[in-house]
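Since the structure comes first, as structure tokens, the remarks are kept for the end.
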Amino acid sequence: MRSRAKDLSGEDEVAETDTRQGRPPALRRVSEIAFIAIFFAVVVCAAIPMGANRDWAWGPIVVILGALAVWHALGLGIVSGHTVRSAERGALIALMLCFLAVIVAGLIQISPFVPPSWRADLYARAASVLGHPVVAIVSLNADASSAILMKVVACGAIFVMARATCRDRHRARLFLVLFLASAVLVTAYGLLMQASNGSCFVFNYNKRPDDAMTPVHEFHCSLSGTFVNSNSFAPYAGMALVLALGLIFSRGNGRSQDSEELELRSGASTWLTGARAVYVAMSLLLFGGLLLSDSRAGFGATVLGAILLGVLLLRGRWPSHPAFGWALAAAILVAAVLVLITGSAFFHKVSQLSDSDVLHRFRIWQLAATALGQSPWLGWGMGSFPDVYSLLQPPDLQTANDKAHSTPLEWLVDLGIPAAMCAFATVLIPLAVCLRGCLRRRSDRYLPAVAFAASMVAVLHSTVDFSLQIPAIGFAVSALLGLGWAQSFRRYE
């Protein structure tokens, strides 16, 4: 009880401060509700406009997020949003320093006021060819670096606002439900496109390349929802699937822990409520969409994320919860049936994995390692990998690539080793905090567990692809980590 009183004291102090300052409670409440509604809507709907992976999509989203950040900074958002618990102070300071280091590194890369020895040699070559001076900077592509920098700042703002908004467990659960609903909508649209045109169109965008209709080239369109790339849709659907599993094994809002324990001991018939039945149906839809995406890495990352979630939720609870065993057996059986029905294309793609496919991916990574060796400390500039690839691309590697197909490796190439280590820390520190919360919480353990496991789906997938670089996924992971962070410093509710 003492811990609970201590946890709630900060919010009480903020409420008393608002009263002393004469702020109208009703107006304050309206402002808070409006802030939460807009923030949740922006994050969960970012996947609908083609994963927000076009300038016309992510640009307005970043502007809205910037306005929300100012709104929150002025104290008009969440009442207790700026309160820092003593237990989180050290980790939060470390996270802020690492994030600021990444931002400073990005600003240095696009600044013309750096020492001449820091600037890319290509600008001197361009000046000699053109016959007039050229403004030299560290980055090979200032516009791309500025765009990536804005996305990074937006992710940081989302984390801060999610941490403040999701300190309340009811709001945290609401965000998870809304994110799940958005992913179901995205998947349902993908299934509709699969039935109507074979998933070769996303709205009016044709995913087939220009030479796909020639007899020499065969192009198969995989289900991608509202994303252009099925390999980007797969981790998004996988995150939502892990989230749905977490909601299935969670207790509902407003219900005591004791009633949940009695339900679980009474058997599956009482445990399977109407809400859980809906979550089960959503998870089956997402699993089917995941298989139809034909993404091997997305499927593997989702399986690992689900395993992590199960281990975290069942830690110390398996003997006393027989319903978990029945639910797990039913889930395995249904998943096997879905694999047999919808997984033929997926397993055909797995069987077609040739040595040339693996070799091509390793060639890209080898080229990235070469680029890192040529500029290990300052990098080539945020978002400059397409330019670096075109400069170092060997004649026998004909395929164009604008991504390194490994986000950590691309961060190293773009930022250099020191700044990339800080970028890694901005992801690993919140993950570690969420994991700590999973191990310490006595109730509502599913909140930090879902945040950790769902985020790990995208993180694991990004080690061999670039899902974290898709704005909709990056925004969602930032929000989930903020949610998990906020729910990791209370042992009781």
Failed criterion for ASP444 (all others in (1) at negative phi; (2) out of contact with any Cys (no Cβ under 9 Å at 6 or more places or on another chain) hold): (1)
Condition met for ALA404 (at pLDDT 95 or above and not β-branched (Val, Ile, Thr)): no
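Which residues, counting only those in the stretch 23-52, are charged (D, E, K, R) and in a helix (DSSP H, G or I)?
Taking the stretch 23-52 as the starting set, the residues that turn out to be charged (D, E, K, R) are 23, 28-29, 32.
Scanning the stretch 23-52 gives ARG28, ARG29, GLU32.
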Members of the stretch 430-457 found to be in contact with a helix residue (DSSP H, G or I) (Cβ under 7 Å, 6 or more places away or on another chain) and surrounded by fewer than 19 Cβ atoms within 10 Å (Cβ to Cβ), listed by number: LEU431, SER443
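Can GLY305 be described as assigned to a helix (DSSP H, G or I), loosely packed, with under 13 Cβ neighbours inside 10 Å and modelled with pLDDT of 85 or more? Break it down stepwise before answering.
On the way: assigned to a helix (DSSP H, G or I): yes; loosely packed, with under 13 Cβ neighbours inside 10 Å: no; modelled with pLDDT of 85 or more: yes.
So GLY305 fails the test.
So, in the stretch 384-428, exactly how many residues are among the small types (Gly, Ala, Ser), under 24 Å from SER295 (Cβ atoms) and either crowded, with 24+ Cβ neighbours inside 10 Å or in contact with a Leu (Cβ under 7 Å, 6 or more places away or on another chain) (or both)?
1
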Residues that are touching a residue at least 60 places away in the same chain (Cβ under 8 Å), in a helix (DSSP H, G or I) and under 19 Å from SER232 (Cβ atoms), drawn from the stretch 53-67: ASP55, ALA57, TRP58, ILE61, VAL62
Residue satisfying all of: in the stretch 273-302; of a type in the set (S, T, N, Q) and assigned to a helix (DSSP H, G or I); farthest from ALA240 (Cα to Cα) among these: THR302
Pairs, first among the polar types (S, T, N, Q) in the stretch 29-48, second at pLDDT below 95, C-beta under 9 Å, six or more apart: SER31/TRP71; SER31/LEU76; SER31/GLY77
For ARG251: the one exception among (1) at pLDDT 90 or above; (2) in contact with a helix residue (DSSP H, G or I) (Cβ under 9 Å, 6 or more places away or on another chain): (1)
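Take the conditions of a type in the set (A, V, I, L, M, F, W, C), surrounded by 11 or more Cβ atoms within 10 Å (Cβ to Cβ) and at pLDDT 95 or above and apply them to ALA52. Does it pass? Steps first, answer last, please.
Values: of a type in the set (A, V, I, L, M, F, W, C): yes; surrounded by 11 or more Cβ atoms within 10 Å (Cβ to Cβ): yes; at pLDDT 95 or above: yes.
In short, yes.
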Hey, ALA420 touching a helix residue (DSSP H, G or I) at 6+ places or on another chain (Cβ under 9 Å), at pLDDT 95 or above and closer than 30 Å to GLY246 by Cα or not: no
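Taking the residues in the stretch 136-152 that are small (Gly, Ala, Ser) and part of a helix (DSSP H, G or I) as candidates, determine which candidate is farthest from GLY474 (Cα to Cα).
ALA142
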Any hit, the stretch 389-408, residues being farther than 18 Å from PHE159 by Cβ, part of a helix (DSSP H, G or I), of a type in the set (A, V, I, L, M, F, W, C) and under 22 Å from the mean Cα position of the chain (by Cα): no
Residues of the stretch 68-99 satisfying the condition of being out of contact with any Ser or Thr (no Cβ under 7 Å at 6 or more places or on another chain) and either basic (Lys, Arg) or in a loop (DSSP other than H, G, I, E, B) (or both): LEU74, GLY75, GLY77, VAL79, SER80, GLY81, HIS82, THR83, VAL84, ARG85, ARG89
Some residue of the stretch 463-476 being closer than 22 Å to GLY51 by Cα and free of Cβ contacts under 8 Å to residues at least 60 places away in the same chain: yes
Subset of the stretch 458-487 that is among the polar types (S, T, N, Q) and surrounded by fewer than 24 Cβ atoms within 10 Å (Cβ to Cβ) - its residue that is farthest from the chain's Cα centre (by Cα): THR463
Number of positions in the stretch 106-119 that are in a helix (DSSP H, G or I), under 35 Å from the mean Cα position of the chain (by Cα) and of a type in the set (S, T, N, Q): 1
Candidate set from the stretch 146-161 (those that are of a type in the set (Val, Ile, Thr) and within 21 Å of ILE36 (Cα to Cα)); member that is nearest to the chain's Cα centre (by Cα): ILE158
Lone qualifier among ALA420, ALA404, ALA425, ALA369 - being touching a residue at least 12 places away in the same chain (Cβ under 8 Å), under 21 Å from GLY482 (Cβ atoms) and among the aliphatic types (A, V, I, L, M): ALA425
Search result, residues across the stretch 120-135 that are under 24 Å from TRP377 (Cα atoms) and assigned to a loop (DSSP other than H, G, I, E, B): ALA120, VAL134, VAL135
So VAL160, is it buried (at least 18 other Cβ atoms within 10 Å of the Cβ) and not in a helix (DSSP H, G or I): no
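Go over the candidates MET382, MET456 one by one and state the one that is at pLDDT 95 or above, outside any helix (DSSP H, G or I) and under 19 Å from GLY474 (Cβ atoms). Break it down into steps so the answer makes sense when it comes.
Values: MET456 fails: outside any helix (DSSP H, G or I).
Checking each option against the conditions leaves just MET382.
Could you please find all residues in the stretch 116-141 being among the β-branched types (Val, Ile, Thr) and either touching an Asp or Glu at 6+ places or on another chain (Cβ under 7 Å) or surrounded by fewer than 10 Cβ atoms within 10 Å (Cβ to Cβ) (or both)?
Going through the stretch 116-141, the residues among the β-branched types (Val, Ile, Thr) turn out to be 129, 134-135, 137-138.
Matches in the stretch 116-141: VAL129, VAL135.
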Condition broken by PHE203, with the remaining ones in (1) under 20 Å from SER467 (Cβ atoms); (2) at pLDDT below 95; (3) among the aromatic types (Phe, Trp, Tyr) satisfied: (1)
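The values are calculated or read from the model by the stated rules, or taken from the named source; none is laboratory data. In this text the structure is predicted, and so the values were computed from the model without any measurement. Positions of Cβ are backbone-derived with ideal geometry, glycine not excepted, and every protein chain shown enters the neighbour counts.
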